[in-house]
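Read the figures in this text as sums done on the coordinates, not as results from a lab. Bear in mind that the values here come from a model prediction, so they are computed numbers and not experimental data. So basically every Cβ, Gly included, is an ideal-geometry build from the backbone, and we count neighbours across all protein chains shown.
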Amino acid sequence: MPKTLEVVCTRNDCDLDMFELHYQYSMPDGTGVEAFSCPYCGESGGLEEIHV
Ligand SMILES: [Zn+2]
C-alpha cells in the first residue's frame, strides 16, 4: 500500500509548517524523506519525518 508521510521543515528561516507526502506504488522501497526537498525553501536537509 502507498504510505503517507507527515513531513516538517526544521529550518529556522522556513515558514513551512507541515505537509504530506503520498507515496505512489512505484516508489522504491526505502525511499524516505531524505529523497525530497522542501517545497518552500528548497532545502532537502531540513525535512524531517514526523509520526502522528
Ligand atoms: Zn523549508
Inset, instruction - Residues being more than 10 Å from the chain's Cα centre (by Cα) and either part of a strand (DSSP E or B) or among the aromatic types (F, W, Y) (or both): count how many of those fall in the range 29-52. - result: 1
Inset, instruction - Those residues that are of a type in the set (S, T, Y) and surrounded by 10 or more Cβ atoms within 10 Å (Cβ to Cβ), I need them from the range 5-43; list them, please. - result: T10, Y23, T31, S37, Y40
Legend entry - Total residues in the range 3-21, condition more than 9 Å from the ligand (Cβ to nearest atom) and out of contact with any strand residue (DSSP E or B) (no Cβ under 6 Å at 6 or more places or on another chain): 3
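Given the residues G46, G32, which is the only one that is small (G, A, S), in contact (Cβ under 8 Å) with a residue 12 or more places away in the chain and more than 15 Å from the ligand (Cβ to nearest atom)? Don't jump to the end; show me each part of the working.
Working: G46 fails: more than 15 Å from the ligand (Cβ to nearest atom).
Answer to the check: G32.
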Legend entry - Of all residues in the range 8-28 being of a type outside the set (F, W, Y) and in a strand (DSSP E or B), the one that is nearest to G45 (Cα to Cα): C9
Legend entry - Test set (1) out of contact with any Phe, Trp or Tyr (no Cβ under 7 Å at 6 or more places or on another chain); (2) within 15 Å of the ligand (Cβ to nearest atom) - Q24 fails condition number: (2)
